[in-house]
Amino acid sequence: MEEPAREVSIDDFKRLEIRIGTIVEVSRVPRTEKLYKVIVDLGEHGKKQTVTSLVGYYGGDELLHKRIAFVCNLKEAKIAGHLS
């Protein structure tokens, strides 16, 4: 696996579409130890699904209704059979 870049240019940063959203659904991903499937409400931009490995750090109820920064134009990936 390639190590991520430690620094990015301002031009790379400007290409990111970062929005603040509210977590409206949290569920454990079956047959995994560390994954949650999370639905984030981005207001007028709709709802997005992501998979996150926060099980060891937060309970699902702790994440519910949290406001988070969300990168909307990150390329989708399939993690444990779920789109993220």
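The values are calculated or read from the model by the stated rules, or taken from the named source; none is laboratory data. Everything quoted here is computed from the prediction, not taken from an experiment. Cβ sites come from the backbone with ideal geometry, for glycine too, and all protein chains shown count toward neighbours. To get the accessible areas, we keep the full protein, side chains included, count just its heavy atoms, and leave off ligands, DNA and RNA. Shrake-Rupley method; radii C 1.70, N 1.55, O 1.52, S 1.80 Å.
Determine, yes or no, whether Gly60 is surrounded by 13 or more Cβ atoms within 10 Å (Cβ to Cβ) and more than 11 Å from the chain's Cα centre (by Cα). Yes: the conditions hold for Gly60.
Of all the numbered requirements in (1) exposed (fewer than 12 other Cβ atoms within 10 Å of the Cβ); (2) under 12 Å from the mean Cα position of the chain (by Cα); (3) within 18 Å of Leu83 (Cβ to Cβ), Ile20 misses one, and that requirement is (3).
Considering the stretch 30-50, and only residues there that are surrounded by fewer than 19 Cβ atoms within 10 Å (Cβ to Cβ) and of a type in the set (Val, Ile, Thr), the residue that is farthest from the chain's Cα centre (by Cα) turns out to be Thr32.
Picking from residues in the stretch 63-82 that are farther than 14 Å from Gly43 by Cβ and surrounded by 13 or more Cβ atoms within 10 Å (Cβ to Cβ), the one that is nearest to the chain's Cα centre (by Cα) is Leu74. Here the condition is being open to solvent by 100 Å² or more (accessible area, probe 1.4 Å) and modelled with pLDDT under 90; of Glu25, Glu7, it holds for Glu7 alone.
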